[in-house]
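**Student:** One structure, pasted below without further comment.
The values are calculated or read from the model by the stated rules, or taken from the named source; none is laboratory data. None of the values given here were measured: they were computed from a predicted structure. Cβ placement follows ideal geometry from the backbone for every residue including glycine, while neighbour counts extend to all protein chains displayed.
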Amino acid sequence: MTANDVLRFSDLNLAAYIREMTRWNAPGEIFEQNDLLLTKGPGTSPVTSVAMSLHNGDDHAAIDRFDRIRLFYRERKSSFSIHIRKHADAALESICLREKMIQISDAPGMMTDRPLKDITAPEGIEIRHIVDVDGVIDFASVTTQSYQSLGMPVQTGQQIFASPERLLQPYNYLVVAYDQEQPVSAAMILFSHSIAGIYWVGTLEHYRGRGLAHTCVCQVTHEAFRRGATMAVLQASKFGAPLYHRMGFKEITRYPWYMYIEK
């Protein structure tokens, strides 16, 4: 697989995840045309209304692309965000900066093409594969609480996971770490385009520093390769990036994330 192939599959999996997150809510909208993906989730939060360009090559139409994005959300009276691919969206990113959009992250895009070194769960911790609605509710509880550290309001998390049964799809694989019966850490993978993308890795603040996220990521990554994925990819948070480097993930690009607040 060439370096360009790796980047392309990483982009396509992120786009698949953006669509999937929108499908978790029945009223969600997905619009796609001419290599531009536009999604509208619940409420008006830019976290749940996400745009992404999948155009490769010189982008002389970046201004038109941005105008189409802004019009789509303006018609819906919603704020929005744009996932930028550092390797392909220079023109579009320059417009985001010109329009004074808020950059909330500069996530390293990372990958591994081999299983991670086995790690044993800390004593007293049980890692469970989630197969029912109650488990998804536990998964949502962990991620909603843990992502407050990244600035995501609890209300946004509640909107994202409002229909937990919608996450129970054969191409999703969720795990939750339990201390007794308390859910304390979680991770998931989404399979698409022959690879697996790792998403929603989180640990409750009181349980951090005990290797729980590491254990959950190892669990889902092993499952990815067991099912035949050619690689596993992720977009790391500022807290997660050092962990993923230590685990053996390699940085392949950056995915800056910009938000536009509709006034």
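**Student:** Output the number of residues of segment 107-128 satisfying the condition of being modelled with pLDDT under 95 and either in a strand (DSSP E or B) or polar (S, T, N, Q) (or both). Spell out how you get there, then give the answer.
**Tutor:** From segment 107-128, those modelled with pLDDT under 95 are 114-124; that's our starting set.
Subset that is either in a strand (DSSP E or B) or polar (S, T, N, Q) (or both): 120.
So the count comes out to 1.
**Student:** Of all residues in segment 89-110, which are buried (at least 17 other Cβ atoms within 10 Å of the Cβ) and over 18 Å from residue 54 (Cβ atoms)?
**Tutor:** Correct list: 101, 105, 108, 110.
Condition check ((1) among the aliphatic types (A, V, I, L, M); (2) touching a residue at least 24 places away in the same chain (Cβ under 8 Å); (3) farther than 20 Å from residue 249 by Cβ; (4) buried (at least 18 other Cβ atoms within 10 Å of the Cβ)) across all residues:
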| position | (1), (2), (3), (4) |
| --- | --- |
| 144 | no, no, yes, yes |
| 187 | yes, yes, no, yes |
| 194 | no, yes, no, no |
| 198 | yes, yes, no, yes |
| 202 | no, yes, no, yes |
| 205 | no, yes, yes, no |
| 209 | no, no, no, no |
| 212 | yes, yes, no, yes |
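**Student:** While we're on this one: Tell me the strands (runs of 3 or more DSSP E) entirely within segment 7-55 that contain at least 2 residues that are in contact with a Ser or Thr (Cβ under 8 Å, 6 or more places away or on another chain) and surrounded by fewer than 21 Cβ atoms within 10 Å (Cβ to Cβ). Outline the logic, then answer.
**Tutor:** Working: elements: 29-33, 36-40, 50-53.
Counting at least 2 such residues, we get 29-33.
**Student:** Please find, among 159, 180, 155, 219, the residue that is within 22 Å of residue 108 (Cα to Cα) and surrounded by fewer than 24 Cβ atoms within 10 Å (Cβ to Cβ).
**Tutor:** The match here is 219.
**Student:** Of the residues 190, 204, 168, 174, which single one is within 22 Å of residue 8 (Cα to Cα) and of a type in the set (A, V, I, L, M)?
**Tutor:** The unique qualifying residue is 190.
**Student:** Quick check: anything in segment 113-135 surrounded by 14 or more Cβ atoms within 10 Å (Cβ to Cβ) and over 21 Å from residue 186 (Cβ atoms)?
**Tutor:** The answer is yes, given that some residue of segment 113-135 is surrounded by 14 or more Cβ atoms within 10 Å (Cβ to Cβ) and over 21 Å from residue 186 (Cβ atoms).
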